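Peer 1: Sharing a structure with you now.
The values are calculated or read from the model by the stated rules, or taken from the named source; none is laboratory data. Computed from a predicted model, the values in this text were never measured in an experiment. All Cβ positions, even for glycine, are placed from backbone atoms using ideal geometry, and neighbour counts span all protein chains on display.
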Amino acid sequence: MLKTCPSSEQLRKLLADQLGEAQEHSVGDHVEGCSLCQEALERLTDLAVRPGHRPPRLGLSRTRGDVDVDAGFLHALKSDPPAGLFFGGSPSGAGPPANPDVGDDRPAPNGYELLGELGRGGMGVVYKARHRRLGRPVALKMLLAGANAAPRELDRFRREAESVARLQHPNIVQIYEVGEHDGRPFLALELVEGESLAQLIAENPQSPRRAAELVRMLADAIHAAHRAGIIHRDLKPANVLLTSARAPKIADFGLAKWLDGETAYPTLTEQFLGTPSYMAPEQAVRQRSATVGPGEDSGPTAATDIYSLGAILYEMLTGRPPFRAGTPLETVLQVLHEEPVPPTRLRPNVPRDLETICLKCLEKSVPRRYHSALELADDLDRFLNFEPVRARPISAPERVWRWCLRKTPLAIALGLAALALATTIGLSISLAVYHYRAASHLGKAFREVQTRQRAVDQQASHLAYEHGQALAEQGDVAQGVLWLVRGLKSASLARDLNLERAFRLSLSGWLPRIHPLRVRFEHPGPIQAVAYSPDGRTIAVGGDDSSVRFRDAATGDPVGAPLPHPMKVGALAFSPDGRTLMTGCDDGGARLWSVRTGEPLELEFYQTEAILGVAFSPDGRVAITGSVDKTARLWDLASGEPIGPPMTHKNLITSVAFSPDGRTVLTGSWDKTAQLWDAVTGAPVGQPLSHRDWVASVAYSPDGRTILTGGYDRTARLWDRESGRPIGHVLRHQHCVHNAAFSPDGKRILTGSFDGIARIWDTATGAPIGPPIRHRHTVSSLAFSPDGRKVLTAGFDRTVLVSEVATPFGLSFSHEGFIRAVLFSPDGRTILSASQDHTARLWNAATGEPIGAPLVHGEEVESIAFSPDGRTVLTGSFDHTARLWDAATGEPIGALLRHEDRVQTVVFSPRGDTVLTGGDDKMARLWSAKTGEPLGNPLRHEAAVRAVAFSPDGRFIATGSDDKTARLWDTNRKQQPVGLPFEHRGRVMAVAFSPDGKTLLTGSDDMKARLWDTASGKIRVLPLQHDGPVSVAAFSPDGRTVITGGWDRMARLWDAATGVPLTPPLRHDGTLRALAISRDGKTVLTGSYDRTARLWDAATGKPIGPAFHHENQVWFVVFSPDGRTVLSGGQESTAHLWNVPAAMEAHIPQVERLVQVATGMELLDDGSLRILDSAEWKERRAHSD
């Protein structure tokens, strides 16, 4: 190997193949490891790739096992290959793209007319041409070098062309003629203008039966080629063309490389042809054997093509090739040394027999593959006919043996270790103790591995939880729940039952927030228009397939025969009575059809160009059409005659609509405006409604007062019809808004965009409702069902989706002022609320209706309580009084309970016979619940009393005050204080007894909560520290857990016995104002100044489902007695009732299917989303029912 870089002359000779063998190896080895020389060599490459020159052979790599890898090939894969080495053009697509619709002035061979250039490479050019006499379109390929081509190239061109010309098979692109023109050889080949298999299956797995049928046809065609002595050597999806009937045709038998526009790879030597992801191992290596010398190449065989067929089948089943890495070199190394991932791991629905066939084709050992393509076709036939296949899956011993071959050093080490162990056992029985200890260590090591794996799974589940919650909170609920399912699986592997429960709860909380997919079906072509019939039972679909098809709205099943049209259908609408369908066609015609019979009606009307919009008047007597000819026309449906003059825009008209009263019509145009017109005179009404780009969609609100427009400026906008001024919020998409519609009640808006996203919006707030509805391509048309419960979306991806609209959540209870507090009655049937409007009110918890008259005070009502039996209500007000009320009649009971200042807090004793009140007059007071008479002396502090509580047995009272103390009082000793005060360094904001009454919990402005022994008055554990004032605190029902919260924006769960935190903090984005814990102690509820209330799993500290959003600060939260609902509210006049999610009980695979069916998507291993095709979705729905 050279120690210094070779000269430019040596590099030129290397390119020209003029170096001696020894010098060629020396220079080549140096270039292979020198980036400077590689760059210099690439600058000289243009000379080396001219016709007649052979690319340099940079030498052979070092031996790896018994396989030599061609270093020239690997060197080319390491760097960007020079232009010209690609037969069909550079991979980057440099240079102007071929244009098949533009003619060419190059002289054509006799009898042919050139129609345009299809492709060009380093050796040849291909034209689209027509045989003049036969009128047959052909693909005409010519050598660029012509007469200057090397004799070897000319001989290969003619010899291979004649061989392929002998192939007559329906699934092989045919060669019609081999000739010569002006010294240039040419081929006339069959022209197949459909898409390639690569385009069909790009990231889009096919159904197993469809994949098997297509590969069986390919195998049959390749067998015919093999019988004729031809090996393809470059089979891949890009070289399989599909006719309009979806029949495959194999192209590029070593000649037509121009067909490979995107996935071609460099071939530096004739020994290396093909694409790494589909290349058989023997195409990149040569096996050392007695029959193959060091300088020879064993060459491809029929097994090479069988391997490639297996790679194609693999990609059709899984959506990806068996091997694909970041660079071609890494891909080749995978092909040589790795085993493909079994398809069932990527797509569990792949049948085992089909997987076995696929993996047999991909065997690295040639003898283990099918011996012929005919055998492969026969086995695929057996699979398709539900017969046992001949291929057999790899046995476990065979798998171990292959692993040993791949990991030879490790296998040898393990083998030697096993041998040493066996020898040791045989030497002496006295070593039994040693072996016992060794086994113990091995068992310990195995348990450690299991523990670490569980830790990895647990960490993965935590990450998935956080990611799923974040996505859902950002509005992408569908993707969020898919991540939660992934985390659920990891939590199950980690055997973390608490975390698994949190996942199940969160999934239950989020699933009602999505728009679940209910019906899905395919259309034969890109869809341009869809509509619901007025009764909501039928869907009409029209598009590029030049037909309109009816579908059952509940099932998606076809109804009747298609309605044929001469060109694509761009618009359609049902008549108000549902009996007639109007369609707009690209031939400029609007046609009327009987919905019942599917027969055309006699009436038709035409404009001069394609019709893009149609609509009926509300009474069904008049129709409007909008056209590419820049006009909209009104038509009398009785006579078929136009009404009034054309309504003209400055550009094509995309959409039209009638107002609900039928007096005006609305048009949208590519002149960037929407315009109102008088439906009688056709005169414009008001000024145009302007967007910044083309207007694609227009609609009236159901009451006719508001206009909705969607445009290419990526917005949908609302306008006041009377003034023409914009109103409300602008609804924004990432791409052009193609269409928009109002719901039947006008409260929601549906928009669809070029980004493949449809969204439902709240008309009043402009906020999105639920997650986006996803298509693979532009959402071209949409509609609400007549009852507004479902939405219909369709797209250029040929798919129609019917999704259920997410329903509003819970009930609301409104006052005239801010609501200060709410409570459930002990039986959960009644709700009590207190408000700044000077009233408290009772409500029916099931219906949200008020019960009786308001309970009136002189000022705002601050605090409320129910008696234990639910028959009596207690209210405390800033009017210096508390009051008892009959819960059934709303009548006051007894006298007013008077304080000298505002009443801050009230509570009933456990037995309900006394009540306790505390106020700003520095005292708490006991009262008779029957008469309202005071009992004993006031319980005095030196500042306002903020909190009061009874012990569980009712004997003791706890009070918390602004004087920085809490105190215990004995009700049996005339309310005498018990022991010394419990002192803090700030105001005491919260007090609570443990369920056994032995511990008192206090929360204070000094940023601490404390646990006190009620008997001794001593602190039980170290203070529970926060980073701000502690304003709320409570015990769990079993007394084992304490929950605290405050101004540091978090709640914390603590072990009541030790004071140790149990979970991470439960974080909000604002001061924590309220908290509650469910009766079973498993769920925590918090309310914050960040305008949300939120549920948390008490065992893990994970948030459960979505936050409950409010208009302003949340001041109170409470669980219903059964824990199924919660109440929350605050600095607003409305309190809200929400459902608490219950954990999903289904097995994890069933949960995953339910989520995939609801979202219409699955989450791939790499974290990307894939939209399910109709067959997959229907199959998973069938298994999830």
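Peer 1: Go over the candidates Phe784, Phe809 one by one and state the one that is surrounded by fewer than 23 Cβ atoms within 10 Å (Cβ to Cβ), among the aromatic types (Phe, Trp, Tyr) and either at pLDDT 95 or above or within 20 Å of the chain's Cα centre (by Cα) (or both).
Peer 2: One residue alone meets the criteria, Phe784.
Peer 1: Step by step: first the residues of the stretch 879-918, then only those that are closer than 26 Å to Ala943 by Cα and polar (S, T, N, Q), then the one that is surrounded by the most Cβ atoms within 10 Å (Cβ to Cβ). Which residue is that?
Peer 2: The residue in question is Thr917.
Peer 1: Can you name the number of the only condition in (1) modelled with pLDDT of 65 or more; (2) within 19 Å of Tyr307 (Cβ to Cβ) that Ile394 fails?
Peer 2: The single condition Ile394 does not satisfy is (1).
Peer 1: With the requirement that a residue be aliphatic (A, V, I, L, M) and surrounded by 22 or more Cβ atoms within 10 Å (Cβ to Cβ), what does the stretch 486-510 give you?
Peer 2: Correct list: Leu488, Ala491, Leu499, Ala502, Leu505, Leu507.
Peer 1: Could you tell me which numbered condition Lys141 fails, if it satisfies all but one of (1) buried (at least 20 other Cβ atoms within 10 Å of the Cβ); (2) of a type in the set (Lys, Arg); (3) modelled with pLDDT of 90 or more?
Peer 2: Every listed condition holds for Lys141 apart from (3).
Peer 1: Restricting to the stretch 851-878, count the residues that are touching an Asp or Glu at 6+ places or on another chain (Cβ under 9 Å), surrounded by fewer than 20 Cβ atoms within 10 Å (Cβ to Cβ) and not in a strand (DSSP E or B).
Peer 2: 5
Peer 1: Can you pull out every residue in the stretch 812-843 that is within 22 Å of Arg1079 (Cα to Cα) and part of a strand (DSSP E or B)?
Peer 2: Ala821, Val822, Leu823, Phe824, Thr830, Ile831, Leu832, Ser833 - these are the residues of the stretch 812-843 that are within 22 Å of Arg1079 (Cα to Cα) and part of a strand (DSSP E or B).
This table checks each residue for (1) within 29 Å of the chain's Cα centre (by Cα); (2) in a loop (DSSP other than H, G, I, E, B).
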site: Asp535; (1), (2): no, yes
site: Val548; (1), (2): no, no
site: Ala554; (1), (2): yes, yes
site: Ala573; (1), (2): no, no
site: Ala590; (1), (2): no, no
site: Arg596; (1), (2): no, yes
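Peer 1: For the condition surrounded by 16 or more Cβ atoms within 10 Å (Cβ to Cβ), out of contact with any Phe, Trp or Tyr (no Cβ under 9 Å at 6 or more places or on another chain) and not in a strand (DSSP E or B), what is the one hit in Asp921, Asp953?
Peer 2: Result: Asp921 is the single residue among Asp921, Asp953 that is surrounded by 16 or more Cβ atoms within 10 Å (Cβ to Cβ), out of contact with any Phe, Trp or Tyr (no Cβ under 9 Å at 6 or more places or on another chain) and not in a strand (DSSP E or B).
Peer 1: Taking the stretch 191-234, which residues are buried (at least 21 other Cβ atoms within 10 Å of the Cβ) and among the acidic types (Asp, Glu)?
Peer 2: Correct list: Asp234 only.
Peer 1: Right, next: Kindly indicate the residue of the stretch 1147-1172 that is modelled with pLDDT under 90 and over 12 Å from the mean Cα position of the chain (by Cα) and also nearest to Asn349 (Cα to Cα) among those meeting that condition.
Peer 2: Once the filter is applied, the top-ranked residue is Asp1165.
Peer 1: Let me ask something else about it. Just one of the numbered conditions (1) modelled with pLDDT of 95 or more; (2) on the phi > 0 side of the Ramachandran plot is not true of Thr875; which one?
Peer 2: Here Thr875 clears every test but (2).
Peer 1: Can you tell me which residue within the stretch 638-660, out of those that are at pLDDT 95 or above and not in a strand (DSSP E or B), is surrounded by the fewest Cβ atoms within 10 Å (Cβ to Cβ)?
Peer 2: That would be Lys650.
Peer 1: A follow-up question, please. Being without any contact (Cβ under 8 Å) to a residue 60 or more places away in the chain and of a type in the set (Val, Ile, Thr): is that true of Val1117 here? Steps first, please.
Peer 2: Values: without any contact (Cβ under 8 Å) to a residue 60 or more places away in the chain: yes; of a type in the set (Val, Ile, Thr): yes.
Taking the combined requirement at face value, the residue satisfies it.
Peer 1: Then there's this: Is it the case, given these coordinates, that Gln528 is among the polar types (S, T, N, Q), more than 30 Å from Arg1094 (Cβ to Cβ) and touching a residue at least 24 places away in the same chain (Cβ under 8 Å)?
Peer 2: Considered against the rule, which asks whether it is among the polar types (S, T, N, Q), more than 30 Å from Arg1094 (Cβ to Cβ) and touching a residue at least 24 places away in the same chain (Cβ under 8 Å), Gln528 comes out as yes.
Peer 1: Here's another thing I want to ask about it. List pairs: first residue in the stretch 122-142 and under 10 Å from Leu191 (Cα atoms) and assigned by TED's automatic domain parsing to the domain that holds Ala251, second residue among the polar types (S, T, N, Q) and not in a strand (DSSP E or B) anywhere in the structure, Cβ distance under 8 angstrom, at least six positions apart or on different chains.
Peer 2: none
Peer 1: Of all residues in the stretch 748-764, count the ones that are out of contact with any His (no Cβ under 7 Å at 6 or more places or on another chain) and not in a strand (DSSP E or B).
Peer 2: 2
Peer 1: Related question: Only one of these conditions is not met by Asp797: (1) over 19 Å from the mean Cα position of the chain (by Cα); (2) within 30 Å of Ile653 (Cβ to Cβ); (3) at pLDDT below 95. Which number is it?
Peer 2: (1)
Peer 1: Turning to a different aspect of this structure: If you scan the stretch 575-588, which residues turn out to be more than 37 Å from the chain's Cα centre (by Cα) and part of a strand (DSSP E or B)?
Peer 2: Hit for the stretch 575-588 is Thr580, nothing else.
Peer 1: Something else about it: Is it the case, given these coordinates, that Ala623 is within 43 Å of the chain's Cα centre (by Cα) and assigned by TED's automatic domain parsing to the domain that holds Tyr712? Working first, answer last.
Peer 2: Values: within 43 Å of the chain's Cα centre (by Cα): yes; assigned by TED's automatic domain parsing to the domain that holds Tyr712: yes.
So Ala623 fits the description; yes.
Peer 1: Does the stretch 951-958 include one or more residues that are outside the structural domain of Val907 (by TED's automatic domain parsing), of a type in the set (S, T, N, Q), modelled with pLDDT of 95 or more and under 18 Å from Lys1008 (Cβ atoms)?
Peer 2: no
For (1) of a type in the set (Gly, Ala, Ser); (2) at pLDDT below 90; (3) touching a Cys at 6+ places or on another chain (Cβ under 9 Å), each residue gets a yes or a no:
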| site | (1), (2), (3) |
| --- | --- |
| Leu273 | no, yes, no |
| Arg286 | no, yes, no |
| Glu296 | no, yes, no |
| Gly310 | yes, no, yes |
| Pro321 | no, no, no |
| Val350 | no, no, yes |
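Peer 1: Shifting gears a bit: Could you pull out the residue among Leu980, Leu968 that is within 27 Å of Asp1038 (Cα to Cα) and assigned to a strand (DSSP E or B)?
Peer 2: Of the residues listed, the single one that is within 27 Å of Asp1038 (Cα to Cα) and assigned to a strand (DSSP E or B) is Leu968.
Peer 1: Can you name the residue in the stretch 235-254 that is surrounded by fewer than 17 Cβ atoms within 10 Å (Cβ to Cβ) and of a type in the set (S, T, N, Q) and is also nearest to Tyr278 (Cα to Cα) among such residues? Before the answer, list the steps.
Peer 2: We begin by selecting, within the stretch 235-254, every residue surrounded by fewer than 17 Cβ atoms within 10 Å (Cβ to Cβ); these are 243-247.
Those still in the list that are of a type in the set (S, T, N, Q) too: 243-244.
Working: Thr243: 23, Ser244: 26 Å.
Filtering the stretch 235-254 for residues that are surrounded by fewer than 17 Cβ atoms within 10 Å (Cβ to Cβ) and of a type in the set (S, T, N, Q), the one nearest to Tyr278 (Cα to Cα) comes out as Thr243.
Peer 1: Scan the stretch 886-908 residue by residue and report those that are free of Cβ contacts under 8 Å to residues at least 40 places away in the same chain and either on the phi > 0 side of the Ramachandran plot or part of a strand (DSSP E or B) (or both).
Peer 2: Asp886, Pro892, Ile893, Gly894, Ala895, Leu896, Leu897, Arg898
Peer 1: Collect the residues in the stretch 347-378 that are assigned to a helix (DSSP H, G or I) and among the acidic types (Asp, Glu), keeping them in residue-number order.
Peer 2: Once the filter is applied, which keeps residues that are assigned to a helix (DSSP H, G or I) and among the acidic types (Asp, Glu), the stretch 347-378 yields Asp353, Glu355, Glu375, Asp378.
Peer 1: Out of Val991, Val1021, which single residue is surrounded by 19 or more Cβ atoms within 10 Å (Cβ to Cβ) and touching a Gly at 6+ places or on another chain (Cβ under 8 Å)?
Peer 2: Checking each option against the conditions leaves just Val991.
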